[in-house]
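Enquirer: One structure, pasted below without further comment.
The values are calculated or read from the model by the stated rules, or taken from the named source; none is laboratory data. A quick note: this is a predicted structure, and the numbers were derived from the prediction, not measured. Glycine also receives a Cβ, built like all others from the backbone with ideal geometry; neighbour counts cover every protein chain displayed.
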Amino acid sequence: MNLASLITIVVLGAGIENLVFSSALGLNKVVLDLSSPRRIVVFGSLFAWLGLWVTLGLNLLEGLFNKQQWDEYLFFIFVILLTILVSLLTNLLLQKTTGQFYPVLRKLIPLTSLNTALLGVLYVSTQTIYTLKRSLFYTAWSAVGYTLALLLIYYGKKRLSLSNVPRAFRGLPALLLYLGIISLALYGLR
Amino acid sequence: MKLALIKKYRSTTSFHSFFDGSLPFWMLGIELPFLVACSTSLKHAAALSIQMFCVLLPTVFISCLFPKKMSPIVKNIFILIAASTVTLLSRQLVLFLFPEVGATLGVYLYLMAFNSLTILPAAQLKSNLPTRKVMGAVTLSALTFTCFMFVLSFVRELIGTGKLWGINVSIPLRLDGLSLSFVGFFLLAFVISITRVFSKVRSTFQISESLRKDLKSSPK
């Protein structure tokens with residue numbers, strides 16, 4: 001991997017092809033309601049951890065099959081199986097190592113594993129970017145982009161709640177307009 | 001204090017509060033990845049709505065059968081397995097009904113297994129509500145999703161591509177940009193706010209009407 005391709009993957013994963021701003025992946029009520037920046041960063045780290053291990057597993061499994069055999073069905077089934085396996089192992093690991101923080105982290109594991117962003121990033125990283133290193137790099141930067149997007153949403157929501165927004169647009173509509181403006185700006189870079 | 005009157009007005013406005021966003025399930029019905037990125041044609045709307053019902057109802061029903069004291073991690077694994085199985089089956093049904101959406105929707109037909117509507121009811125509501133109420137709430141939120149999906153798809157397909165259900169329609173205004181995914185954010189925001197204004201006006205009208213009737217019927 002040369003520097004140019006690395007930069008391209010970083011720009012694509014974290015910026016232009018950002019999961020949240022390009023296709024609203026990974027946005028649900030609970031994720032939008034994450035209550036502090038620290039929690040969002042922890043959530044993003046867990047997402048990256050899970051995504052990296054599942055990407056690694058998928059790439060290894062993909063090597064066992066022919067190009068013709070490896071279709072979307074197989075991909076989906078393996079994503080589910082690997083997600084279950086990695087989230088179980090992560091749960092066990094966190095239970096043994098994190099002590100008093102475990103109750104908080106335990107709530108975040110299902111949020112990361114049952115997330116549309118996870119399937120989206122795995123689909124792009126394994127179906128379009130073929131080498132293992134590139135896939136892992138893309139997954140890591142997508143997770144960074146996802147976390148940054150959630151932080152942007154968090155601070156945007158905070159500002160919007162303090163500002164004088166027309167009544168009909170208060171809450172979700174104002175947030176959607178805010179998201180739309182950012183994704184329009186990122187779309188302009190394409 | 002006339003508590004009967006308060007009860008009556010509350011029942012009049014309770015349906016509209018659903019549209020105001022004061023109930024959490026209204027928000028769950030707004031499944032952003034699908035509404036923003038996939039609401040570009042009515043066929044997509046029909047396919048995703050069918051899949052939403054096919055995936056959501058059996059999965060939530062199965063998850064309601066789990067014992068209350070089950071660990072959330074184990075519960076989520078079972079939910080994921082159930083949702084994935086139903087997603088694969090419903091994908092076949094959707095492709096049988098609308099073969100052309102397979103190429104355009106692609107991975108979104110699998111994403112239904114990961115949607116928050118499937119996951120959250122089982123995780124959050126079951127501890128407080130009986131199965132019947134959970135199923136009712138889930139059906140209502142799926143209906144909300146269907147309504148929004150069809151409204152957005154209608155506008156985007158008609159004005160964005162000049163078609164309806166894939167058939168050419170002559171319209172004076174055509175904006176190709178409506179098919180771009182970020183426009184979904186703007187459109188959805190406007191649709192929600194219009195719904196809010198409409199429901200607010202309607203509930204105010206209903207309250208004033210019932211007040212007027214009460215004043216007429218009350219003895220002088």
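Enquirer: If you take the residues of segment B:27-53 that are of a type outside the set (A, V, I, L, M) and either under 30 Å from A:Val104 (Cα atoms) or not in a helix (DSSP H, G or I) (or both), which of them is modelled with the lowest pLDDT?
Expert: Here the answer is B:Gly29.
Enquirer: Take the residues in segment A:137-170 that are in contact with a Lys or Arg (Cβ under 9 Å, 6 or more places away or on another chain) and of a type in the set (Gly, Ala, Ser); name whichever of them is surrounded by the most Cβ atoms within 10 Å (Cβ to Cβ).
Expert: That would be A:Ala168.
Enquirer: Of the residues A:Gly15, A:Gly63, only one is touching a Gly at 6+ places or on another chain (Cβ under 8 Å), modelled with pLDDT under 85, farther than 26 Å from B:Lys75 by Cβ and more than 11 Å from chain B (Cβ to nearest Cβ); which? Show your work before the answer.
Expert: Details: A:Gly63 fails: touching a Gly at 6+ places or on another chain (Cβ under 8 Å).
None of the others qualify; the one that does is A:Gly15.
The rows are residues; the columns are (1) of a type in the set (D, E, K, R); (2) within 25 Å of B:Ala82 (Cα to Cα).
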residue	(1), (2)
A:Thr55	no, yes
A:Leu58	no, yes
A:Gln68	no, no
A:Glu72	yes, yes
A:Leu82	no, yes
A:Leu89	no, yes
A:Arg106	yes, yes
A:Leu118	no, yes
A:Ser142	no, no
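Enquirer: Quick one: is A:Phe76 buried (at least 19 other Cβ atoms within 10 Å of the Cβ), within 12 Å of chain B (Cβ to nearest Cβ), in contact with a Phe, Trp or Tyr (Cβ under 7 Å, 6 or more places away or on another chain) and assigned to a helix (DSSP H, G or I)? Break it down stepwise before answering.
Expert: Details: buried (at least 19 other Cβ atoms within 10 Å of the Cβ): yes; within 12 Å of chain B (Cβ to nearest Cβ): yes; in contact with a Phe, Trp or Tyr (Cβ under 7 Å, 6 or more places away or on another chain): yes; assigned to a helix (DSSP H, G or I): yes.
Judged against the criteria, A:Phe76 is a match.
Enquirer: Go through segment B:73-84 residue by residue and tally those that are farther than 25 Å from A:Tyr102 by Cβ and within 8 Å of chain A (Cβ to nearest Cβ).
Expert: Going residue by residue through segment B:73-84, those that are farther than 25 Å from A:Tyr102 by Cβ are B:82-84.
Filter again for within 8 Å of chain A (Cβ to nearest Cβ), leaving B:84.
Number of matching residues: 1.
Enquirer: Answer yes or no as to whether A:Arg134 is buried (at least 17 other Cβ atoms within 10 Å of the Cβ) and of a type in the set (D, E, K, R).
Expert: On the way: buried (at least 17 other Cβ atoms within 10 Å of the Cβ): yes; of a type in the set (D, E, K, R): yes.
Criteria met by A:Arg134.
Enquirer: Could you say whether any residue in segment A:116-128 is within 14 Å of A:Leu27 (Cα to Cα) and at pLDDT 90 or above?
Expert: So in segment A:116-128, the residues within 14 Å of A:Leu27 (Cα to Cα) come out as A:116-121.
If we keep only those that are at pLDDT 90 or above too, we end up with none.
Among the residues of segment A:116-128, not one is within 14 Å of A:Leu27 (Cα to Cα) and at pLDDT 90 or above, which makes the answer no.
Enquirer: Conditions: (1) out of contact with any strand residue (DSSP E or B) (no Cβ under 9 Å at 6 or more places or on another chain); (2) modelled with pLDDT of 85 or more. B:Arg174 meets all but one. Number of the miss?
Expert: It is condition (2) that B:Arg174 fails.
Enquirer: Further, regarding this structure: Can you name every residue in segment B:167-199 that is within 14 Å of chain A (Cβ to nearest Cβ) and part of a loop (DSSP other than H, G, I, E, B)?
Expert: Answer for segment B:167-199, where residues must be within 14 Å of chain A (Cβ to nearest Cβ) and part of a loop (DSSP other than H, G, I, E, B): B:Leu180, B:Ser181, B:Phe182.
Enquirer: While we're looking at this one, here's another question. Considering only residues that are free of Cβ contacts under 8 Å to residues at least 24 places away in the same chain, among the hydrophobic types (A, V, I, L, M, F, W, C) and surrounded by fewer than 19 Cβ atoms within 10 Å (Cβ to Cβ), which ones fall in segment A:95-116? Walk me through it before giving the result.
Expert: Going through segment A:95-116, the residues free of Cβ contacts under 8 Å to residues at least 24 places away in the same chain turn out to be A:95-103, A:106-107, A:110, A:114.
Now restrict to residues that are among the hydrophobic types (A, V, I, L, M, F, W, C): A:101, A:114.
Scanning segment A:95-116 gives a single hit, A:Phe101.
Enquirer: In addition: State the number of residues belonging to segment A:76-93 that are touching a Leu at 6+ places or on another chain (Cβ under 7 Å) and over 17 Å from A:Ser125 (Cα atoms).
Expert: Total satisfying the criteria: 4.
Enquirer: Tell me, yes or no, whether segment A:89-108 has at least one residue that is more than 10 Å from chain B (Cβ to nearest Cβ), over 20 Å from A:Leu34 (Cα atoms), within 19 Å of the chain's Cα centre (by Cα) and among the hydroxyl-bearing types (Ser, Thr, Tyr).
Expert: No, every residue in segment A:89-108 fails to be more than 10 Å from chain B (Cβ to nearest Cβ), over 20 Å from A:Leu34 (Cα atoms), within 19 Å of the chain's Cα centre (by Cα) and among the hydroxyl-bearing types (Ser, Thr, Tyr).
Enquirer: Filter segment A:133-190 down to the residues that are away from chain B (no Cβ under 12 Å), over 30 Å from A:Asn59 (Cβ atoms) and aromatic (Phe, Trp, Tyr) and list them by number.
Expert: A:Tyr154, A:Tyr155
Enquirer: Moving on to the next point. It is to be established whether one or more residues within segment B:85-93 are at pLDDT 80 or above, under 30 Å from A:Leu93 (Cα atoms) and within 13 Å of another protein chain (Cβ to nearest Cβ).
Expert: As a first pass, look at segment B:85-93 and keep what is at pLDDT 80 or above: B:85-93.
Okay, now just the ones that are also under 30 Å from A:Leu93 (Cα atoms), so B:85.
Subset that is within 13 Å of another protein chain (Cβ to nearest Cβ): B:85.
Yes, segment B:85-93 contains a residue that is at pLDDT 80 or above, under 30 Å from A:Leu93 (Cα atoms) and within 13 Å of another protein chain (Cβ to nearest Cβ).
Enquirer: Another one. I need the full set of residues from segment B:159-186 which are hydrophobic (A, V, I, L, M, F, W, C) and either in contact with a Gly (Cβ under 9 Å, 6 or more places away or on another chain) or free of Cβ contacts under 8 Å to residues at least 24 places away in the same chain (or both), in order please.
Expert: Of the residues in segment B:159-186, the ones hydrophobic (A, V, I, L, M, F, W, C) are B:159, B:164-165, B:167, B:169, B:171, B:173, B:175, B:178, B:180, B:182-183, B:185-186.
Of everything in segment B:159-186, those that are hydrophobic (A, V, I, L, M, F, W, C) and either in contact with a Gly (Cβ under 9 Å, 6 or more places away or on another chain) or free of Cβ contacts under 8 Å to residues at least 24 places away in the same chain (or both) turn out to be B:Ile159, B:Ile167, B:Val169, B:Ile171, B:Leu173, B:Leu175, B:Leu178, B:Leu180, B:Phe182, B:Val183, B:Phe185, B:Phe186.
Enquirer: Could you tell me which of the residues B:Arg132, B:Arg156 is at pLDDT below 85, away from chain A (no Cβ under 12 Å) and over 21 Å from A:Val30 (Cβ atoms)?
Expert: Details: B:Arg156 fails: at pLDDT below 85.
Of the residues listed, the single one that is at pLDDT below 85, away from chain A (no Cβ under 12 Å) and over 21 Å from A:Val30 (Cβ atoms) is B:Arg132.
Enquirer: Please go through (1) within 29 Å of A:Val104 (Cα to Cα); (2) modelled with pLDDT of 85 or more; (3) within 12 Å of chain A (Cβ to nearest Cβ) for B:Leu56 and return the number of the only condition it doesn't satisfy.
Expert: Among (1) within 29 Å of A:Val104 (Cα to Cα); (2) modelled with pLDDT of 85 or more; (3) within 12 Å of chain A (Cβ to nearest Cβ), the lone unmet condition for B:Leu56 is (3).
Enquirer: Can you find a residue that is without any contact (Cβ under 8 Å) to a residue 12 or more places away in the chain, of a type in the set (Ser, Thr, Tyr) and surrounded by fewer than 24 Cβ atoms within 10 Å (Cβ to Cβ) anywhere in segment B:72-91?
Expert: So far as segment B:72-91 goes, yes, one or more of its residues are without any contact (Cβ under 8 Å) to a residue 12 or more places away in the chain, of a type in the set (Ser, Thr, Tyr) and surrounded by fewer than 24 Cβ atoms within 10 Å (Cβ to Cβ).
Enquirer: Do any helices (runs of 4 or more DSSP H) entirely within segment A:1-66 hold 1 or more residues that are free of Cβ contacts under 8 Å to residues at least 60 places away in the same chain, of a type in the set (A, V, I, L, M, F, W, C) and buried (at least 18 other Cβ atoms within 10 Å of the Cβ), and if so, which? If you could, list the steps in order and put the result at the bottom.
Expert: Working: elements: A:3-10, A:19-23, A:29-32, A:37-64.
Helices (runs of 4 or more DSSP H) meeting the threshold: A:37-64.
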